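Peer 1: Please see the structure below; I have some questions.
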Amino acid sequence: MNMDSKGYTQDGTVDLRGQPVLADKTGKWKACAFLVGYEAFERMAFYGIASNLVGMVLLTMAVSIKFLKPSCENGVCNKATTTQIAFFYTSLYIIAIGAGGTKPNISTFGADQFDDLNPHEKKLKASFFNWWMFSAFTGALFATLGLVYIQENLGWGLGYGIPTVGLILSLIIFYIGTPMYRHKVRRTRHPAGDLLRVVVTAFANANLKLPTHPSELHELDQQYYITTRKRRVHHTPVFRFLDMAAIKKESSTRPACTVTQVEGAKLVLGMAMIWAVTLIPSTIWAQINTLFVKQGTTLDRHFGSDFQIPAASLGSFVTLSMLVSVPMYDRYFVPFMQRKTGNPRGITLLQRLGIGFVIQILAIAIAYAVEVKRMGVIKAHGITGPDEVVPMSIFHLLPQYVLLGVADVFNAIGLLEFFYDQSPEEMQSLGTTFFTSGIGVGNFLNSFLVTVVDKVTGRGGGKSWIGKNVNESHLDYYYGFIFLLSALNLVAFLLASKKYVYKVESAEVVEGCEQIEGKALGLQV
């Protein structure tokens, strides 16, 4: 049956009842509008110290209901009971579990609303992750500017209650959009099992001779992929050892894997390689965001005669610059580069990441220069105390915050799109897991690196680079160190990018002729 002639989606997506869906009544931005709205509220909740409805309810109860929080009298609070502590931490763990269930899937579900086999929808999809992250940062901006103030000045119960109500509304919006959603049909029962089978079979065939030409490897005919509506992935010359799994054998208890299955395993290995060289940028982003605040607390934070800017509030400029940069990137930069390169995205996915990492390094260099200036002012005025204000405006930190926001448009959004786009078919949520786990590992490495540098530089009574008294520390040395670390990592990223080969798969079959979706190879530097 020709699905396209009847107005159905070409990629085989279905509704909740498992029936084919009409292309003009489902998916695209009219479905994603509900998901984008959900994401904005969810991010607002997350940056207000939550990211899941049920965790949110319990946490709100923990700071609102009298017997669930420690009693206070005349500004002095009693120690929390064992029950109160247990309830509070249970709330936090449920939040973590909820986030683990939603974050790897929600953006993938949004991207699935666009039919890759429809040229018009494929073009629309190229902008999806830009606007997805735009909605996420919009929620984050409201949280950092509004919720933090409410929590600290009007009460934690209200501060947690507002995002809880907002998240309830977002779920209502999400469910209203249900008739418009498209759902991918799983055509492989155990996709992760196929990856493991490739590795095991490759080692089992290690003593065999690898054919000289890829056409001699095992692969099913094109008609199989037409019938099953699966995508055939074409052979690539990387990770050649895994090709051993596709060697044809006349008699064997272990059947050969297909080239498509082998290429799926190669894609995961390739993504893992790129993931590894993005950990340092994730680590540095977390470090600088923390250390910028430490710098800011020592500077003159007056805005006008009476108002003092909270040092942490400058973090909102990261979000603001990102919100300004996303429309400029999508509406001006991409069309300009499309005319230059002919690439539908304007630049390749890895080029986008590389540009983001370079901008991040520039932000570190500016942070170093500002810290050198701050140290000079400290020396000139003989400042030593941890609470002494350095006569230097906090707005000196603004450029580095702004640059981090611009860098996010390239590397944060680029990473999410890269891992989704390059994941094997039916494993796109694995790509989102790569993205979120990189952020998590980066935060862990951040704490580890700061601790190690503090211990090593402060050994033997020496002056720690990152001491409690920032006015007597050497953050300039530390910024120089992470600048060098970033530069070395950029070299590693460029090398990995040159080794990386984008997946090439059959996109569709038109009147018996196979149409190949080809991707540019490498970073092209």
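Peer 1: Please tell me which of these pairs span more than 20 angstrom C-alpha to C-alpha: Lys28/Lys340; Lys266/Lys340; Lys209/Lys230; Lys25/Lys123?
Peer 2: Working: Lys28/Lys340 28 Å; Lys266/Lys340 31 Å; Lys209/Lys230 29 Å; Lys25/Lys123 18 Å.
In this structure, Lys28/Lys340; Lys266/Lys340; Lys209/Lys230 exceed 20 Å between Cα atoms.
Peer 1: Between Lys184 and Phe241, 0.36 nm times their residue separation minus their Cα-Cα distance comes to what?
Peer 2: Once the chain is fully extended between Lys184 and Phe241, it gains 17.4 nm.
Peer 1: Val452 versus Arg229, label points 7 Å from Cα toward the beta carbon: distance in nm?
Peer 2: A separation of 5.0 nm, rounded to one decimal place.
Peer 1: Multiplying the sequence separation of Thr83 and Thr384 by 0.36 nm and subtracting their Cα-Cα distance, what value in nm do you get?
Peer 2: 103.9 nm
Peer 1: Defining a contact as two alpha carbons under 8 Å apart and six or more residues distant in sequence, what relative contact order in percent does region 342-408 show?
Peer 2: In percent, rounded to a whole number, it is 51.
Peer 1: Does region 224-336 classify as rounded, prolate or oblate by the C-alpha gyration tensor (a ≥ b ≥ c root eigenvalues; a/c under 1.5 gives rounded; else a/b over b/c gives prolate, otherwise oblate)?
Peer 2: In terms of gyration-tensor shape, prolate.
Peer 1: Could I ask something else about it? Treating only the Cβ atoms of Lys and Arg (+1) and Asp and Glu (-1) as charged, compute the dipole magnitude of region 426-494 about its Cα centre; round to the nearest 20 debye. Before the final figure, lay out each step's value.
Peer 2: Numbers: 4 positive and 4 negative charges, 59 e Å.
The dipole magnitude comes to about 280 debye.
Peer 1: How long is the gain from His213 to Ser393 if the chain were fully straight, where each residue apart is worth 0.36 nm and the alpha carbon distance is subtracted?
Peer 2: That pair, His213 and Ser393, stretches by 58.2 nm at full extension.
Peer 1: Taking amide H atoms as placed 1.01 Å from N in the peptide plane, list the residues 5 or more away in sequence, or in a different chain, whose amide H sits under 5 Å from that of Tyr502.
Peer 2: Under 5 Å from the amide H of Tyr502: Gly522.
Peer 1: Over region 420-475, what is the relative contact order in percent, taking alpha-carbon pairs closer than 8 angstrom and at least six residues apart? Show your work: numbers first, answer last.
Peer 2: Details: 37 pairs, mean separation 9.4, N = 56.
About 17 percent, as a whole number.
Bear in mind these aren't lab numbers, they're just calculated from the coordinates by the rules spelled out. All of these numbers come straight from a predicted model, not from anything done at the bench. Ideal geometry is used to build each Cβ from the backbone, glycine not excepted, and the neighbour counts take in all protein chains shown.
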